[in-house]
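The values are calculated or read from the model by the stated rules, or taken from the named source; none is laboratory data. Predicted model, so just to flag it, every value in this text is computed and none were measured. Virtual Cβ from ideal backbone geometry, glycine too; neighbours counted across all protein chains shown.
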Amino acid sequence: MRIDVLTVLPGLFDCFLREGIIGKAVSSGKVEVNVVNIRDFATDKHRVVDDVPYGGGPGMVLKPEPIFRAYDHLTAEGEKPFVILTEPWGERFNQEMAVKLSKKNRLMIICGRYEGVDERVKAIVDREVSIGDYVLTGGELPAMVIMDAVIRLVPGVLGNEESLRADSFMDRGLLGYPNYTRPAEFRGMKVPEVLLSGHHKKIELWRKEQSLRKTLERKPELIEKLKREGKLTEEELKILERLEKERESEG
């Protein structure tokens, strides 16, 4: 996979692309990331990439010319990437979107900034994406969030592929179960006995119940969606029925 990132602050990506799993993915060549400074494609002496908005109003708007020049330069060989624009009002990023993006051969992320980008830039954009209902100083952090979620899904990036299958949201949208490690007791807090039993079937059942419990408590809409779509097993439905009765008796 290749990812081109268009930004006015390329230095923000230095540490992100050097450290941890993402750094290993880049250094091993499993993913190619090309961070492009939009200012390099401005033609004036001061490399200006923004201007005041037509019609008046606060702030500045990213100009179309440098972005289009960068895009033309990066696609000169004819291969068109799937282009994402980070926007506060874009489509909400989620795991399902990350999975779909991870299957693309080439992505381009345009980092929005200031009051946004000139609307004409969207002629080359395939998807406007937001990571949440809040406003940041620029699209660089959202770009990193998107890249982190996508790159770890690229085959070979994670050493243990089982980690992907155990991820929250990967198992049909259910939240993950609690995890413990040594020591078995710490400051009076003990690891659940079932996890120390070595009984794999009981452990699997416990984890399934904990996952359903957490999802029911924190994301009940996901449970309802899975029920409507018929994606819960008979065993899971029985567990949910018991959990819901427990909640009713406690409430």
Subject >> Per-region count, the range 38-56, residues among the hydrophobic types (A, V, I, L, M, F, W, C) and surrounded by fewer than 17 Cβ atoms within 10 Å (Cβ to Cβ) >> reply: 2
**OP:** Would you be able to say whether some residue in the range 42-49 is within 25 Å of Tyr134 (Cβ to Cβ), modelled with pLDDT of 95 or more, touching an Asp or Glu at 6+ places or on another chain (Cβ under 7 Å) and assigned to a loop (DSSP other than H, G, I, E, B)?
**Re:** no
Original post:
Among all residue pairs at least 6 apart or on different chains, which show Cβ distances below 8 Å where the first residue, located in the range 37-56, is in the same structural domain as Asp14 (by TED's automatic domain parsing) and the second is small (Gly, Ala, Ser) and surrounded by 18 or more Cβ atoms within 10 Å (Cβ to Cβ)?
Top reply: Ile38/Ala70; Asp40/Ala70; Phe41/Ala70; Val48/Ala42; Val49/Ala42
Original post:
Do you know which residues across the range 77-89 are at pLDDT 95 or above and either in contact with a Ser or Thr (Cβ under 9 Å, 6 or more places away or on another chain) or not in a strand (DSSP E or B) (or both)?
Top reply: Pro81, Thr86
Original post:
Does the range 206-223 contain at least one residue that is over 24 Å from the mean Cα position of the chain (by Cα), surrounded by 11 or more Cβ atoms within 10 Å (Cβ to Cβ), among the hydrophobic types (A, V, I, L, M, F, W, C) and in the same structural domain as Gly176 (by TED's automatic domain parsing)?
Top reply: yes
Subject >> helices (runs of 4 or more DSSP H) within the range 93-201 that include 2 or more residues in the same structural domain as Leu212 (by TED's automatic domain parsing), at pLDDT 95 or above and more than 14 Å from the chain's Cα centre (by Cα) >> reply: 193-196
**OP:** Quick one: count up the residues across the range 72-86 that are under 19 Å from Glu119 (Cα atoms) and surrounded by 12 or more Cβ atoms within 10 Å (Cβ to Cβ).
**Re:** 5
**OP:** Kindly indicate the residue of the range 58-92 that is acidic (Asp, Glu) and more than 23 Å from the chain's Cα centre (by Cα) and also nearest to Lys122 (Cα to Cα) among those meeting that condition.
**Re:** Glu65
Original post:
Quick check, is Val31 in contact with a Pro (Cβ under 9 Å, 6 or more places away or on another chain) and at pLDDT 95 or above?
Top reply: no
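Here is a yes/no grid of residues against (1) surrounded by fewer than 16 Cβ atoms within 10 Å (Cβ to Cβ); (2) not in a loop (DSSP other than H, G, I, E, B):
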residue: Gly11; (1), (2): yes, yes
residue: Phe16; (1), (2): no, no
residue: Ile21; (1), (2): yes, yes
residue: Val33; (1), (2): no, yes
residue: Val36; (1), (2): no, yes
residue: Pro58; (1), (2): yes, no
residue: Phe68; (1), (2): no, yes
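Scan Glu209, Glu224 and give me the residue that is in contact with a helix residue (DSSP H, G or I) (Cβ under 6 Å, 6 or more places away or on another chain), within 30 Å of Asn94 (Cα to Cα) and either part of a helix (DSSP H, G or I) or among the charged types (D, E, K, R) (or both).
Residue meeting the stated conditions: Glu209.
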**OP:** Scan the range 71-120 residue by residue and report those that are hydroxyl-bearing (Ser, Thr, Tyr) and without any contact (Cβ under 8 Å) to a residue 40 or more places away in the chain.
**Re:** Thr75
